[in-house]
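These notes are about the structure you will find just below.
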Amino acid sequence: MEHLVPHTAGILYPGYSAEDDYPVLERLLGDDVRLPLVHTLMREDAHRVDALLDIGSDEVLAEGARELLSHGVQSVIWACTSGSFVFGWQGAREQVEKLQAVTGLPTSSTSFAFVHAAARLGLRRVAVAATYPADVAARFAEFLQAGDLEVVRLSSRGIITAAEVGTLGRDEVLAFAQANDDDRADALLMPDTALHTAAWLDELEDALGKPVLTANQVSAWEALRLAGARQARDGMGELFRRGADGERSGSPG
C-alpha cells in the first residue's frame, strides 16, 4: 500500500546546480514530508540583471508551476533568490501573486522566505555572504532593507554562473561563511539556491555561533510552512529547530 504523505511542498528550481539539496533536506525532515521539484527554463545561466529577469519571468514560472501541480503539491515556492529580488519588493510581490493565480495554492519565493524566516527568529541585523557579483548582491540588501532588516555587512564572491556556485564544497562554503560574518549581526544570510548548504547547516551555525539562513533551507521551510508542516525539527539549523510556530525543538514549551 502506498504511504500517504500529509505535507507535500512543491519546489520550482531554475536550471541545474544545487537541486540535490532538496533530497538531502527531505531525508533530514523525515518521512512525513515530500519536496517534489520541477526545473524551470534557464535560457542563460548568469547572475546578471537582464538574465535574472528572464529566469523569473511570468511565462517561465507558469510553465513550471503547471508541471508541478501534477505532483499533488499543497504549496509552491519559487526557489530562486536572485530571480525574485531582482524585481524589487513590489515586483517580487507581483511575481508571487501571478504565480499563485496559476497554482491556486499558497505560494511564495525564496526572497520573501528569507524575510519571513528572519522575522520568525526575531532578527534585526544581518550579515550577507552572497556568491553573486556586487551589483546583484546590492539588490538583495535593498530587498532585505525593504523587509525591515538592517544589513550590517554585505559581501559578494563575484561568481557569474549558478553552475560554478554549485561546485563549491563543504570547506569552501564554511570558509566563505566564516570570512564574511560580522559581530554586529544577529545572523548570517547566504542567498543563492545554487549554493549547496543543506548537509552542513548545523556545522555552519556551530562555526559562527549564531543562526545561518541559506537559500535552499529557507525555501524548504517556507514551502512546508505554507503546506501546514509547522513543527520543530532538528538537524537543519535554528530555523527548523524553532519551527514555523516559534517553539524550539527540545524546549519545555
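Selection within the range 164-197: residues that are open to solvent by less than 50 Å² (accessible area, probe 1.4 Å) and part of a helix (DSSP H, G or I). The member of this set that is farthest from Ala51 (Cα to Cα) is Leu174. The selection criterion, being in contact (Cβ under 8 Å) with a residue 40 or more places away in the chain and part of a helix (DSSP H, G or I), does not hold for Ala101.
Residues checked against (1) in a loop (DSSP other than H, G, I, E, B); (2) in contact with a Gly (Cβ under 8 Å, 6 or more places away or on another chain); (3) open to solvent by less than 10 Å² (accessible area, probe 1.4 Å); (4) at positive phi:
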| site | (1), (2), (3), (4) |
| --- | --- |
| Arg43 | yes, no, no, no |
| Glu59 | no, no, no, no |
| Arg66 | no, no, no, no |
| His71 | yes, yes, no, no |
| Val76 | no, yes, yes, no |
| Ser84 | no, yes, yes, no |
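For Ala18, indicate whether it is open to solvent by less than 10 Å² (accessible area, probe 1.4 Å), hydrophobic (A, V, I, L, M, F, W, C), assigned to a loop (DSSP other than H, G, I, E, B) and farther than 26 Å from Arg225 by Cβ. Criteria not met by Ala18. Answer yes or no as to whether Ser155 is part of a strand (DSSP E or B), among the hydroxyl-bearing types (Ser, Thr, Tyr) and open to solvent by less than 30 Å² (accessible area, probe 1.4 Å). Considered against the rule, which asks whether it is part of a strand (DSSP E or B), among the hydroxyl-bearing types (Ser, Thr, Tyr) and open to solvent by less than 30 Å² (accessible area, probe 1.4 Å), Ser155 comes out as yes.
Return a yes/no flag: does the range 81-90 have any residue that is under 20 Å from Met236 (Cβ atoms) and of a type outside the set (Phe, Trp, Tyr).
yes
If the condition is being part of a helix (DSSP H, G or I) and either open to solvent by less than 70 Å² (accessible area, probe 1.4 Å) or among the hydrophobic types (A, V, I, L, M, F, W, C) (or both), then the range 86-98 contributes Gly88, Trp89, Gly91, Ala92, Gln95, Val96. Would you please name the residue that is least open to solvent (accessible area, probe 1.4 Å), looking only at residues in the range 198-211 that are touching a residue at least 60 places away in the same chain (Cβ under 8 Å) and either over 17 Å from Arg125 (Cα atoms) or not in a loop (DSSP other than H, G, I, E, B) (or both)? Among those residues, the one meeting the criterion is Ala198. What residue, of Leu41, Leu53, Leu28, is among the aliphatic types (A, V, I, L, M) and in contact (Cβ under 8 Å) with a residue 40 or more places away in the chain? The match here is Leu28.
The values are calculated or read from the model by the stated rules, or taken from the named source; none is laboratory data. Being a predicted model, the structure only gives us computed values, none of them experimental. Cβ coordinates were reconstructed from backbone atoms using ideal geometry, including for glycine residues, and neighbour counts include every protein chain displayed. All accessible areas refer to the heavy atoms of the entire protein, side chains included, with ligands and DNA or RNA removed. Shrake-Rupley method; radii C 1.70, N 1.55, O 1.52, S 1.80 Å.
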